[in-house]
Each structure stands twice: as C-alpha cells, then as structure tokens.
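Structure, as structure tokens:
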Amino acid sequence: MELTHTNPDPHTQVRQHLLSPLRRSSLDWLALLALVGGALYALTTYGAFMDVYEKGILIVAVPVVTVLMWSWSGLRNLLALAATLALLAIGFYHGDLARANSAFFLKFILSSQTAIGWMCFLFFMATASYWLGLATRSAFAEKTGTVLTWSALCMGLTGMLVRWYESYLIGTDVGHIPVSNLYEVFVLFCLITGLFYLYYERRYATRRLGAFILPVIAAAVGFLMWYALTRDAQEIQPLIPALQSYWMKIHVPANFIGYGSFALSAMVGVAWIMGDKGMLTGRLPPQDLLEDLMYRAIAIGFAFFTVATILGALWAAEAWGTYWQWDPKETWALIVWLNYAAWLHMRLTKGLRGPILAWWAVVGLVVVTFAFLGVNMFLSGLHSYGSL
C-alpha cells in the first residue's frame, strides 16, 4: 500500500527548511541545543583523551548532524530517543560494568548486548511484517513494519552508544568507538541500511519495498547472532595497534554507508526483476520509481565508498608507509569501486536502462559481500585483523 500522505519534492522541501531558520519548530531548536551542549560537555570532560583530529571530527559533526536532523524529523527523533536511553543506561551503571548483569533495566533492556539483541529481534519482526503486508496487501502490517524498523534502529543505536561507554569502563586504554571488528561493523551495517531504507520509504512515499530491503538486514542480523554465539564476538576487546588511529573513526563509517547503499540497490534490483517478470502484479511500485531509487542508492554509495577508499589509502600511508600495496582487501575494494563506476558510466553516458542494470545491481551485491566477508574468510593479508 502507498502511504496515505504525499510529500512535495524533498530536495525543495529541505532547501526551504534550511533557508528559513526562524521557522524551525521548538523541537528542532531543542535538538540543536542538546547537540551543542553534548558536544561541549564531551570536549570539556573528555578533551584530555582526544587528539586534535578527534576534536575536529566532533566539532564538524555538530553542523552536519544539525542539517540532517532539521531536514528529517524522523532522524531527529531517533537520535534524541537513542541518546536519552543511552544516558539512562549510563546512569544505571554507576561506573561499574558488573551491573550489566545485575541491574534490571541494564540486564533486560539497556546494556549494549541486550539492546543489540532487541535490535535483532525487532528487525526480524519488521521483516515478517513487511512480507505480511506485501502478501495480504495490508497497510496496517506495512505500517507496523515501519514502526518496528524505527524501533530496531533505536535499540541498535542505543546499544552502540552504550557499548562505547562500556569499553571505557573496562579501561581508558581499552575504550574506543565501536566500529573496530566484524561484530560492531555488522551492527553498523544494519543501522545504516535500515536508516537509508526508511529515508527512501519517506522519499518515494511507499512501503512496498520493505519486504525486499529488510531481508538483507535480517540476513546480516542472522550472521551477527551466529558470530556472537559461536565466537563470543560481542565481547569488547582492546584495539590492536593497527586500529589505534583517528582514521578508523571516519574510514569505517564511510565504507559502510557505501556497503549499505549498495545492498539496498541490489534488493531494489530484485524488486525490479520480479516486476519485469510479472510477479506480484499490482503490489510493487512502478518500475521507473525502482530504477530511480536504484540509481540514487548506487550514486550515494559510490560517493561514500570513493571517500572511504581515499581515506583508507591515507591511513595506509601513515600506518605502513605506502598508499597501496595490493593487499587482498585493497584489491577487492578496487574491484567494487570499478564495478559501480562502470554501472554509473553505462547509465549516465550510454543511457543504459532496464534488466541489465537491475541484474548488474544484484550481482554487485555478490561482489560487495565477497569484499566485505569473503576476503576475511578465504584470504589473508594486512587486513587479517578482521578475519573470521
């Protein structure tokens, strides 16, 4: 079912929003004050533990996050609620990590492992709701899927924020932003992909794609749970020397914005192919909408993946003395980049449309998955610290 309301062009809406600051709602101003206050508190309280780059990232994040929150109220509400829950969890700890297993709200709701567990459960439920909505044409089931997806994002983000705090409870020399191993980046992947999906759900005023996008998140959640149960991957470990760098804080998130966007585009490609073959007739968005969404997702993913690759080269130069060593991870990152560069080239300059691009987007996910996981499983190199 289509959403019951229609939106004007979101780019025009964003420009009007941001060019009229005096017309901001009280919630927007309150969010800005909270963001600035939080950044100032972090600088004054933890500034001694930050280098100049970390301080710069924190300062730059304030206007960037403000623009995002002011242009999308859903994101503002998500950040506000996750921050509130994280602060509540921090208050329950009283500086003692052992309380994660004794304090009721920490043990069952707000410790990092419990919150991420709730994220996993809610993503599974959201997937089932979207599929129920697609199968039965139930607007209520689809709307429930949207609510569950927002809830999963909230619990996952809360879990990551609390995990960050928990790492410092173990020791100031252990504390680090939680994007350092496969467990943490899988959570990050789920959050980024889910957030992008909800943005496009709003952008295109349709919930019909939830049944296609959420399964790839559910698959990531399934791997995350297996990885935690079989490898105790949820345990917080000190950073190895190779990862003790400010570059990690920007290289990894940029990389996974790319991965999340590419995964989303592949699942939209699946929807396009099913529509082209006459499957689920009348239940899928128009194919021109799917083509536009697929293109936008790949374009955004390509931009961020390009930035991540450049940042990775700079990090390599600092850590290993050279920008590029043809390490397996680097080689497959280049393959991913060339694949999507060719996809965009064929669409923008050659005018290619239709099933070839859709199938190409689907195959692209296979390439990305091998670059993300396959290299860690089957190849070794300078990035072996991310191995399974």
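Rule-based calculations on the coordinates, nothing more; no lab input. This one's a predicted model, so the numbers in the text were calculated from it and none came from an experiment. Using ideal geometry, Cβ is built from the backbone for each residue, glycine included, and neighbour counts are taken over all protein chains shown.
Things to note:
- The structure shown yields mean projected area of the Cα convex hull in nm², and of the options [x] 20.0; [y] 17.3; [z] 24.2 that calculated value carries the label [x].
- Spatially proximal lysines relative to LYS55 (Cα-Cα < 20 Å; intrachain offsets below 8 disregarded): LYS249
- Ascending count of other beta-carbon atoms within 10 Å, so fewest first, for ILE236, ILE170, ILE90: ILE170, ILE90, ILE236
- Ranking of HIS345, HIS176, HIS94 by count of other Cβ atoms within 10 Å, fewest first: HIS94, HIS345, HIS176
- Shape of region 85-138 from the C-alpha gyration tensor: prolate (a/c of 1.5 or more and a/b above b/c, with a ≥ b ≥ c the square roots of its eigenvalues).
- Spatial separation of Cα centroids for region 335-366 and region 172-207, in angstrom: 24 Å
- For region 14-124: rounded, prolate or oblate by the Cα gyration tensor [a/c cutoff 1.5]: oblate
- Exposure proxy order (Cβ contacts within 10 Å, fewest to most) of LEU78, LEU209, LEU229, LEU132: LEU229, LEU132, LEU78, LEU209
- Under-5 Å amide H pairs with THR206, H placed in peptide plane, nonlocal only: LEU3
- Relative contact order, percent, the chain [alpha-carbon distance under 8 Å, six or more residues apart]: 14 percent
- Applying D = kT/(6 pi eta Rh) to region 26-71, where Rh is the Kirkwood radius over alpha-carbon pairs, T corresponds to 20 °C and eta to 1.002 mPa s, the Stokes-Einstein value obtained is 194 µm²/s.
- Each Cα pair under 8 Å and six or more residues apart adds its sequence gap; the mean of these over the residue count of region 233-383 is a relative contact order of 32 percent.
- Once you reduce region 51-96 and region 280-319 to the center of their Cα atoms, the two points are 25 Å from each other.
- Hydrophobic, long helices, defined as DSSP H runs whose alpha-carbon span along the helix axis is 24 Å or greater and whose mean Kyte-Doolittle value is at least 0.5, occur in the chain at 26-46, 52-71, 73-93, 112-136, 139-170, 182-203, 210-231, 247-276, 287-320.
- For the residues PHE124, PHE189, PHE105, a GNM of the chain with alpha-carbon springs under 10 Å puts the largest fluctuation on PHE105.
- Sequence-ordered 3J(HN,Hα) estimates for region 373-378 from the Karplus curve with 6.51, -1.76 and 1.60 and θ = phi - 60° stand at 10, x, 4, 5, 7, 10 Hz, glycine and proline given as x.
- Taking a ≥ b ≥ c as the square roots of the eigenvalues of the alpha carbon gyration tensor, region 216-266 is oblate, as a/c is not under 1.5 and a/b does not beat b/c.
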